[in-house]
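The structure under discussion appears below in the form of structure tokens.
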Amino acid sequence: MNPSQHSGTAGSLPVLTRTARRDASKPTRLRLLAVGILLVAVVLLAAPLARAGGDFVDLAVGSTRVWFVGEPGVRELDARSGRTIASPQLVGAAYPLSVTLAGGAAWVASVENGYVWGTLTRIDLRTQRVRVLWRKQDSSVQYVAAGSGGVWALIGSAGATEIARFALAGRVERVWKIPDAGRMAADASGCWISTNHWLLHIDPTGQIHRVIQAQLGDISTGDGAAWLPQTTTVLRIDEHTGQTRTLHTAQLRLGGFQHDLAAGDGALWALNNAGRTHTTLERFDLQSGRPTGSLDVPGIADALIVKPEAIWIATVIAPPNQPANGYDVIRINPHTLRRTLLVHLLLQCPPCRTMNGQACAHTLDQSHHLFSRG
């Protein structure tokens, strides 16, 4: 199918579950991506304002490798040691926004020339071959997620937002027009889309369902459900039955562009914005929403991945009133909430000036420091 052709719309949708009460919220903030060149602002309607002056980071975690994307580019890291394994180069001057792993490849959503071109790239995990699957002028590929035997992408263009589904080999299978789509996640049940007023679901057959009326939120999947944060609650939607349950968590301050909420390892996890100097990782009970632990991490955390026995976070280091000057990838033990790995990207170690992915002897909280440079 030609990517410009659309095979679905969210204009008139069946209601899958009953409507839940909406929480009062502040107006949705837009964020501009500052990449040093003129932005095409009309394409940014679905992208929130960056808390770090326009710096975006995202993570995807496999069994032995961690993929980081952001202003430093694309980095493949060893999940045990944190060493840089590879730094694949995207075609053109692409700025990567989102990454996922599926079908033996890393899939990277990116933009070029300040949202003038939107690009989806597939990087073969074995050969490191870089292949552009989608590249369209006056657009932005903002999110990418794996689920239901394929890969889903949220694409913004002038006056419209779309969801595209790709086969694992890279072929475009179908495209849906989804007005006001702002966040996206996927799992075995299909694709979940948060808009300004509704949570929508595209099932494996391609049917679009209105799931629940709710404000725009950082939709996440895990532990057999979709999770949608609101101002003081998190909505849990069972991926099999469609039943909705409300967890009362008190006020949430999820300000990130990427993934600030995740479920796994027996808990619900959230990155609460605490300012430019640090972010609070909070752990909640899956049944009650009661907080059960927290940890402050340096910088502006903007990516959260939960795996068995490990929490992965990516942060932007942005001192007050200054632009970002570094990026961290942090691994945390979910039971003790202690850091077990800390990787600095683009920085060198001040005491010993170690760089280029070499380990240094300095430690903090029994963490292993690595320093690499783009």
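The values are calculated or read from the model by the stated rules, or taken from the named source; none is laboratory data. Everything quoted here is computed from the prediction, not taken from an experiment. Cβ atoms come from the backbone with ideal geometry, glycine included; neighbour counts cover every protein chain shown.
Taken as a whole, the condition of being outside any loop (DSSP other than H, G, I, E, B), surrounded by 14 or more Cβ atoms within 10 Å (Cβ to Cβ), hydroxyl-bearing (Ser, Thr, Tyr) and in contact (Cβ under 8 Å) with a residue 60 or more places away in the chain does not apply to THR231. Candidates LEU97, LEU200: the one that is within 23 Å of PRO229 (Cα to Cα), of a type in the set (A, V, I, L, M) and modelled with pLDDT under 95 is LEU97. The set of residues in the range 115-139 being in contact with a helix residue (DSSP H, G or I) (Cβ under 9 Å, 6 or more places away or on another chain) and part of a loop (DSSP other than H, G, I, E, B) consists of TYR115, VAL116, ASP138.
Taken together, the residues in the range 258-284 that are in a loop (DSSP other than H, G, I, E, B), surrounded by 18 or more Cβ atoms within 10 Å (Cβ to Cβ) and touching a Ser or Thr at 6+ places or on another chain (Cβ under 9 Å) amount to 2. Selection of the range 152-178 for residues being surrounded by fewer than 16 Cβ atoms within 10 Å (Cβ to Cβ), outside any loop (DSSP other than H, G, I, E, B) and aliphatic (A, V, I, L, M) yields only ALA167.
Can you find a residue that is farther than 23 Å from ASP328 by Cβ and touching a residue at least 12 places away in the same chain (Cβ under 8 Å) anywhere in the range 77-90? Looking through the range 77-90, none of the residues is farther than 23 Å from ASP328 by Cβ and touching a residue at least 12 places away in the same chain (Cβ under 8 Å). Whether any residue in the range 207-214 is part of a loop (DSSP other than H, G, I, E, B) and under 21 Å from ARG165 (Cα atoms) is what I want to check. Yes: one or more hits.
Among the residues of the range 274-300, those identified as more than 19 Å from the chain's Cα centre (by Cα), of a type outside the set (A, V, I, L, M, F, W, C) and under 19 Å from PRO334 (Cβ atoms) are ASP285, GLN287, SER288, GLY289, ARG290, PRO291, THR292, GLY293, SER294, ASP296. In this structure, ASP124 qualifies as farther than 23 Å from HIS259 by Cα, modelled with pLDDT of 90 or more and over 19 Å from the mean Cα position of the chain (by Cα).
Annotation note: of ASP296, ASP302, the sole residue that is charged (D, E, K, R), at pLDDT below 90 and either within 19 Å of ARG183 (Cβ to Cβ) or not in a loop (DSSP other than H, G, I, E, B) (or both) is ASP302. Sub-7 Å Cβ pairs linking a first residue in the range 257-279 that is among the β-branched types (Val, Ile, Thr) to a second residue that is buried (at least 19 other Cβ atoms within 10 Å of the Cβ) and in a strand (DSSP E or B), at least 6 apart or interchain, are THR279/LEU271; THR279/VAL297; THR279/ILE300; THR279/ALA301; THR279/THR315, ordered by first then second residue.
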